[in-house]
1. For A77 and M54, what does the FRET efficiency come to when R0 = 41 Å and r is the distance between their Cβ atoms, rounded to the nearest 0.05?
2. Give me a comma-separated list of calculated 3J(HN,Hα) values for the range 21-29, in order, Karplus coefficients 6.51, -1.76, 1.60 applied at θ = phi - 60°, integers in Hz, x for any Gly or Pro.
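Read the figures in this text as sums done on the coordinates, not as results from a lab. What you see is a predicted model; the values in this text were computed from it and never measured. Using ideal geometry, Cβ is built from the backbone for each residue, glycine included, and neighbour counts are taken over all protein chains shown.
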Amino acid sequence: MADLDKRNAKKNSELIRQGIVQCLTLEAECEALRGSLAESQGHGQKLEARIAEMTADREGLMKILAEKDTLIERYNALMSETLDRTLRREGSASNQKTESYPARCSSPTYASVSDPKSPNFRSKTSAKWSRDCSKTPETRRADV
């Protein structure tokens, strides 16, 4: 019986020792997980701050893009207005000087070359035609 008690005591001691080792192992794992959690939370906060920063940057860039688009629209409107004024001014000037241009400058072939809507626009120009008609409103329009 003493032998049985001794074996039971030894077995119980071993179970207690294993329980303590297991408890210490779990405690170490728990500490490691707490550290990892704290690190992950810190990293998460850094990412959230970066996201907020990038969102602010994006909003700023969108404002700049909108301003750029507005400037482009204003530039296009000004250029269109300037071109219209120039064409009107040249049109009124050409009405007064039409008689002095060579006859071939107003022919359909040459007129279509200087008309930006024409498929022949600037494709059939010749040195002689441009020399003879260099001061016509059509050639000025073709150069623009």
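1. My answer for the efficiency is 0.75.
2. 4, 5, 5, 5, 4, 5, 5, 5, 4
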